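Accompanying notes for the structure given below.
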Amino acid sequence: MENTEINTTQNETFTVTREIKLYLAETAKWGNILAIIGYVAMGIMVFASLAMIIAFSFIDMETAFPMWILGIVYLLFAGVYYIPVTYLYRFSAKMKLAVHRNDEKLYTTGFANLKSLFKFFGIFTIVLLGLYLLILIGVVVFQGFLLGANV
């Protein structure tokens, strides 16, 4: 495996070629489309969660699980979904301007948002894997108690 060493000096330069600009412009365009779709989906999620909270709070159901809580969970998912969609939108907007104006600060801001997007997904994935592991351990332990009680 190749070792890559990053040397930071005062005179670092990087040339953004025409081909790189074309790739970045197209990436920004698709990122913008996905971000807009994400915001629309988030709006639908918020509307659906509020409808669930209101509807299930008026319905007298004899279930073990109060269904309006599902609406609250859905609302929380919409709130979490806001973070990556916003990073994607900011990346796309800054990158479009950076390519158009050939502005190094806008390139930097755009890539900083892209980094934050990937960092969010990395942390989110680690948290979900940990949660899955805890659920799996809980199921195994609970199953062990059930089997022990039946013996």
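Structural remarks
- Residue within region 96-110 that is small (Gly, Ala, Ser), assigned to a helix (DSSP H, G or I) and touching a Lys or Arg at 6+ places or on another chain (Cβ under 6 Å) present: yes
- Considering residues of region 76-101 that are under 17 Å from residue 20 (Cβ atoms) and either polar (S, T, N, Q) or surrounded by 18 or more Cβ atoms within 10 Å (Cβ to Cβ) (or both) only, the residue nearest to the chain's Cα centre (by Cα): 91
- Selection over region 73-111 of residues that are farther than 21 Å from residue 38 by Cα, among the aliphatic types (A, V, I, L, M) and in contact (Cβ under 8 Å) with a residue 24 or more places away in the chain gives a count of 2.
- Among the conditions (1) over 30 Å from residue 20 (Cβ atoms); (2) modelled with pLDDT of 95 or more, residue 73 misses just one, which is (2).
- If only residues of region 102-140 that are over 17 Å from the mean Cα position of the chain (by Cα) and among the charged types (D, E, K, R) are counted, the one that is surrounded by the most Cβ atoms within 10 Å (Cβ to Cβ) is 103.
- Counted residues, region 8-29 - those being in a helix (DSSP H, G or I) and without any contact (Cβ under 8 Å) to a residue 12 or more places away in the chain: 6
The values are calculated or read from the model by the stated rules, or taken from the named source; none is laboratory data. These numbers come from a predicted model, not from an experiment. Note: ideal-geometry Cβ built from the backbone for every residue, glycine included; neighbour counts use all protein chains shown.
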